[in-house]
């Protein structure tokens, strides 16, 4: 097992896969993000990314090599890390590593091109508008990792409502990193659904992330068909991922 100390090493081992690059949380200067560690073993790559919301261990590559790598990394980093990787690999690791338990399925979606969506009614929100958006999450998306005021969420875009009211739709530039921007916190007020606002807001954020980072990505639960269809129309490609963890005893 060899530890990787530079973002460029992770990018080379990732071979075009945006998920490990995002997990590395690079901040420029070819450095990994604060507290992030990465390793390679044979044809497998693992990136351990600590987070206030959920410590993540992004893994990719050959299943046999990944099993050796993940076992050693979890022993060193601890059981707080949740594995994320393509579903067949996570399934193979669950079979190979005693104590590893599957959690859920989701889609990793990404793009390197602009959406081409009209975004004339969308803009970055000011502090008061972001604060006004908070009740949307309380009522309609309480499980969102990205929420107003939460660490790691850099800025919010939205389709504002009338003055003094909550925005009609919002999305966040959240936990973006060198080489891979990330969008989260997508929510639309029920009264505004069916008007294309979510698509416009998402297109606005994704275009800004592609322009700045060269790539934009997001995660969505595998059973959220309406959201997946919207993201596909925006040009994102999808891969089925899985999550697993080793419960603390």
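Each reported figure results from applying straightforward, stated rules to the coordinates on display, with no laboratory input. If you're wondering where the values come from, they're calculated on a predicted model, not measured in any experiment. Counting neighbours? That spans all protein chains shown, and the Cβs are built from the backbone with ideal geometry, glycine included.
See the values below:
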quantity: Complete set of residues in the range 206-231 that are touching a residue at least 40 places away in the same chain (Cβ under 8 Å) and closer than 13 Å to residue 110 by Cα; calculated: 206, 207, 210, 214, 215, 216, 217, 218, 219, 220, 228, 231
quantity: Single match in 12, 37 (criterion: under 20 Å from residue 245 (Cα atoms) and surrounded by fewer than 22 Cβ atoms within 10 Å (Cβ to Cβ)); calculated: 37
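Listed here are the residues, each with its yes/no results for (1) touching a residue at least 24 places away in the same chain (Cβ under 8 Å); (2) surrounded by 17 or more Cβ atoms within 10 Å (Cβ to Cβ).
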{"position": "43", "(1), (2)": "no, no"}
{"position": "54", "(1), (2)": "yes, no"}
{"position": "75", "(1), (2)": "no, no"}
{"position": "89", "(1), (2)": "yes, yes"}
{"position": "129", "(1), (2)": "yes, yes"}
{"position": "132", "(1), (2)": "yes, yes"}
